[in-house]
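The values are calculated or read from the model by the stated rules, or taken from the named source; none is laboratory data. Quick caveat, the model's predicted, so the values are computed rather than measured. Counting neighbours? That spans all protein chains shown, and the Cβs are built from the backbone with ideal geometry, glycine included. Calculation scope for accessible area: heavy atoms of the full protein, side chains included, ligands and nucleic acids excluded. Shrake-Rupley method; radii C 1.70, N 1.55, O 1.52, S 1.80 Å.
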Amino acid sequence: QVQPVESGGGLVQAGGSLRLSCAASGSIFSANAMGWFRQAPGKQREWVAWISRGGTTNYANSVKVRFTISRDDAKTTVYLQMNSLKPDDTAVYYCNTWPSYRMSWGQGTQVTVSS
């Protein structure tokens with residue numbers, strides 16, 4: 001089973017920034033749109049943002065303007081720049097292909113935002 005590898009999470013104060021990275025298999029990465037997802041304690045996993053192969057992006061309303069998704073095809077890596085973080089952004093963040101999940105879910109990266 002192919003799994004992505006997420007990294008870059010951590011503990012940050014409200015208003016701070018983090019940049020998440022997700023490295024994925026080359027063949028899967030180059031053939032698919034990629035998305036970021038998150039799961040907060042006691043809640044279902046939710047979609048955060050996606051980016052197409054051509055660079056078109058879309059964001060959940062809760063993160064629009066604050067988060068930016070990007071991809072580096074040469075590195076088969078997708079990024080999530082998170083600014084103006086809020087305590088509600090606390091969650092484990094995952095990446096996968098979009099809209100179909102063609103990879104097994106990775107371990108994710110924990111983001112904790114303190115107030």
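Results, tabulated for the structure shown:
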{"quantity": "Lone qualifier among Arg45, Arg102 - being closer than 22 Å to Gln1 by Cα and touching a helix residue (DSSP H, G or I) at 6+ places or on another chain (Cβ under 8 Å)", "calculated": "Arg102"}
{"quantity": "Residue in the range 19-26 that is under 16 Å from Thr112 (Cβ atoms) and modelled with pLDDT of 95 or more present", "calculated": "yes"}
{"quantity": "Hits in the range 48-65 - residues which are under 12 Å from the mean Cα position of the chain (by Cα) and in contact (Cβ under 8 Å) with a residue 24 or more places away in the chain", "calculated": "Val48, Ala49, Trp50, Ile51, Val63"}
{"quantity": "The range 54-101, residues that are crowded, with 18+ Cβ neighbours inside 10 Å and of a type in the set (A, V, I, L, M)", "calculated": "Val63, Ile69, Val78, Leu80, Met82, Leu85, Ala91, Val92"}
{"quantity": "Options Arg38, Arg53, Arg71; residue that is charged (D, E, K, R) and within 16 Å of Thr112 (Cβ to Cβ)", "calculated": "Arg38"}
{"quantity": "Which numbered condition Arg19 misses (of (1) under 11 Å from the mean Cα position of the chain (by Cα); (2) open to solvent by less than 70 Å² (accessible area, probe 1.4 Å); (3) over 17 Å from Gln1 (Cβ atoms))", "calculated": "(2)"}
{"quantity": "Residues being open to solvent by 20 Å² or more (accessible area, probe 1.4 Å) and either among the acidic types (Asp, Glu) or outside any loop (DSSP other than H, G, I, E, B) (or both) - total across the range 22-32", "calculated": "6"}
{"quantity": "Residue list for the range 102-115, filter: under 13 Å from the mean Cα position of the chain (by Cα) and either open to solvent by 50 Å² or more (accessible area, probe 1.4 Å) or over 11 Å from Val12 (Cα atoms) (or both)", "calculated": "Trp105, Gly106, Gln107, Gly108, Thr109, Gln110"}
{"quantity": "First in the range 27-46 and at positive phi, second anywhere and surrounded by fewer than 12 Cβ atoms within 10 Å (Cβ to Cβ), Cβ under 9 Å, 6 or more apart", "calculated": "none"}
